[in-house]
Amino acid sequence: MSGYKKKMAVKKEDKQEEMSFLGHLEVLRWHIIRASLGALVFMVIAFLCRNFIFNEIILKPRNPDFLTNRFFHQMGVWLHARFNMDPSPLEINTTPLNIVNIDMAGQFNSHIKISVVIGLIMASPYIIWELWRFVEPALHRNERKYASGAVFTISSLFILGVLFGYYLIAPLSIHFLNTYIVSDQVVNTIKLSSYISTVTSVVFASGVIFELPVIVLFLSKIGLLSPAFMKKYRKHAYVVLLTIAGIITPPDVFSQVLVCIPLIILYEISVFISRSAERKRRLKMEGQ
């Protein structure tokens, strides 16, 4: 009889665990639904603001009056006046990029794609917050205290990366790809879909890369990464960062170095974060 009771208890426990797992899936489903609805709201707003989104945001980096293009122009003027240097290497996007649409539904599809991208970027803090609300109950009290600013940090780093990609990498990429020619007999006339793919890819890639400190913090907390390891392979990491900069930027030395510098700064910040996380982890282990 005792054996029977034991088997029934095990079955009951398994059933409770199964229900708990299904309950977690249900909770996760609702978090995903709310995050999707939040993103959908911003997508609709972006879709309705078509003229502003395209004329003032998406197509703006190709124009000479864009903030970054004017900054490089002013820098060239200053270097010429101060050191008598040729300002032409710093002049970017001096003439607007010619963009055409050759697909029947090309402009409509581009409108939909940009609305989705802009909506996801604008809704990213809310999406991250919903995912955090799902993860937070599984954390211990002290872990919640240390991770109280996680949503703000992750959202801020992603938005900062998006802005970095939009204001620096995108104009440099547009300039290089528009001015690169294999022959004077070939004229660059860029498809709208190709232009949008280039801009959105470099912007999203920058946003993801700027999450490096958060990834390092997580790996350091679970003991898979240490500041000693990051210091030992610092030179190797710099080569990797330079390679990443070469992938997401035009293949010219100036652009790669300009983009690589912030990535190196992020890496050094990540070393400091890893050191702090390891110190806290050791103190916690010693306290136990």
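Details
- Only helices (runs of 4 or more DSSP H) whose full extent lies in segment 168-225 are considered here, and the ones with at least 3 residues that are over 21 Å from G119 (Cα atoms) and touching a Lys or Arg at 6+ places or on another chain (Cβ under 9 Å) are 170-179.
- Output for segment 222-243, where each listed residue is among the polar types (S, T, N, Q) and more than 23 Å from L258 (Cα to Cα): S226
The rows are residues; the columns are (1) touching a residue at least 60 places away in the same chain (Cβ under 8 Å); (2) in contact with a Phe, Trp or Tyr (Cβ under 6 Å, 6 or more places away or on another chain); (3) of a type in the set (A, V, I, L, M).
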{"residue": "M75", "(1), (2), (3)": "no, no, yes"}
{"residue": "A81", "(1), (2), (3)": "no, no, yes"}
{"residue": "N101", "(1), (2), (3)": "yes, no, no"}
{"residue": "I112", "(1), (2), (3)": "yes, no, yes"}
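- Summed over segment 186-197, residues that are buried (at least 16 other Cβ atoms within 10 Å of the Cβ) and either among the polar types (S, T, N, Q) or closer than 21 Å to I128 by Cα (or both) total 1.
- Considering residues of segment 46-92 that are at pLDDT 85 or above and not in a helix (DSSP H, G or I) only, the residue surrounded by the most Cβ atoms within 10 Å (Cβ to Cβ): I92
Okay, residues lined up against (1) in contact with a Leu (Cβ under 7 Å, 6 or more places away or on another chain); (2) basic (K, R); (3) modelled with pLDDT of 85 or more:
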site: G223; (1), (2), (3): no, no, no
site: A228; (1), (2), (3): no, no, no
site: K231; (1), (2), (3): no, yes, no
site: H236; (1), (2), (3): no, no, yes
site: L241; (1), (2), (3): yes, no, no
site: G246; (1), (2), (3): no, no, no
site: P251; (1), (2), (3): no, no, no
site: Q256; (1), (2), (3): yes, no, no
site: I261; (1), (2), (3): no, no, no
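- K145 being modelled with pLDDT under 80, farther than 23 Å from P262 by Cβ and either surrounded by 14 or more Cβ atoms within 10 Å (Cβ to Cβ) or out of contact with any helix residue (DSSP H, G or I) (no Cβ under 6 Å at 6 or more places or on another chain) (or both): yes
The values are calculated or read from the model by the stated rules, or taken from the named source; none is laboratory data. As the structure is a prediction and not an experimental result, all values here were calculated from the model. When we count neighbours, we look across all protein chains shown, and the Cβ atoms used for this are built from the backbone with ideal geometry, even at glycine.
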